[in-house]
Every structure is written in C-alpha cells, then in structure tokens.
Amino acid sequence: MEYFKSIMIFIFAGLCEIGGGYLVWLWYKESKSVIYLITGGLILALYGVVAALQTSSFGRVYATYGGFFIVMSLLWAWKMDGFQPDRYDIIGSLIALFGVAVIYYTPR
C-alpha cells in the first residue's frame, strides 16, 4: 500500500507541475488570457505542496520525481499536442523508470 500511495503522490505532483506549466506556456506562447497564467501559477504552487507529502528526503524525492516527470511529460505531449514519441523516447522513459525504482523503491 505504501508503494501505491507514493506512486499516486508522484503522479498527482506531475499533473500539477505539467498542467500548471502548460497553462503558463499557453498564456505566454499562444497569448491566452491572464487567467491561464494565474491558474497555472496556483497549480504550480500546489505541486510544491503535493511533492512534500512524500516521506523520504528532499533530494531523493526530487530525483525520483524527475523520472516520473520524463514519462508524464511525453504522455502529456502525446495526448495534448499530438507529439508522437519514437522508440528512443520510449527507451529513455523506461531507463528513467528503472532509475526511479533503484533510487526510491529499493530497500535500504
């Protein structure tokens, strides 16, 4: 159950960071309303709080989150922007997830 909870926190944190960053991106790059900027900024602030819900140290949490972020960013781009990941994107994502497993989930 502990593993499931931490994975859900990483995924929620990823949605906050990627979603908030995407709204800021839309405001800046596509001249969307300032509401996009404000909402994106608030969601990005929420990301910081959600990431702090993890039970490990800051360095280990953020290193592990980086692996989740790689995978989630590619998935977000695929679904939201029509980006088509190639085999090297997929291989790199699998390597990142292997790193996540080693850094965060191996017994110490």
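The length gained on full extension between PHE58 and LEU94, counted as 0.36 nm times the residue separation minus their Cα-Cα distance, comes to 10.6 nm.
Multiply the residue separation of LYS79 and VAL34 by 0.36 nm, subtract the distance between their alpha-carbon atoms, and state the gained length in nm to one decimal.
On the way: separation 45, 0.36 × 45 = 16.20 nm, distance 2.40 nm.
Computed gain between LYS79 and VAL34 is 13.8 nm.
Share of carbon and sulfur in the accessible area of the chain stands at 73%, probe radius 1.4 Å. Here TRP25 sits with roughly 140 square angstrom of accessible surface, probe radius 1.4 Å.
Using Cα pairs closer than 8 Å and at least 6 residues apart in sequence, work out the relative contact order for the chain, in percent.
On the way: 89 pairs, mean separation 29.7, N = 108.
Reported as a whole number, the value is 28 percent.
Under 5 Å from the amide H of LEU53 lies no amide H of any residue 5 or more positions distant or on a separate chain, with H modelled from the backbone and absent for Pro and chain starts.
If you take the alpha carbon radius of gyration of the chain and divide it by 2.2 N^0.38 Å, what ratio comes out, to two decimals?
On the way: Rg = 15.0 Å, N = 108, 2.2 N^0.38 = 13.0 Å.
Scaled against compact globular proteins, the figure is 1.15.
Comparing TYR65, TYR28, TYR88 in a Gaussian network model of the chain where C-alpha atoms under 10 Å apart are linked, the largest mean-square fluctuation is found at TYR88.
A 1.4 Å probe run over the chain, with the rest of the protein chains in place, finds 66 Å² accessible per residue.
Counting only DSSP H runs of at least 4 residues, each contributing -39500 (n - 2.57), and dividing by the residue count of the chain, the helix-based mean residue ellipticity at 222 nm comes to -27000 deg cm²/dmol. Straight-line reach from LYS32: taking Cα to Cα under 19 Å and skipping same-chain neighbours fewer than 8 places apart, the aspartates and glutamates in range are GLU17, ASP81.
The values are calculated or read from the model by the stated rules, or taken from the named source; none is laboratory data. The shown structure was predicted, so the numbers you read here are calculated from the model rather than taken from an experiment. Remember, those area values only see protein heavy atoms, side chains included, never the ligands or the DNA or RNA. Shrake-Rupley method; radii C 1.70, N 1.55, O 1.52, S 1.80 Å.
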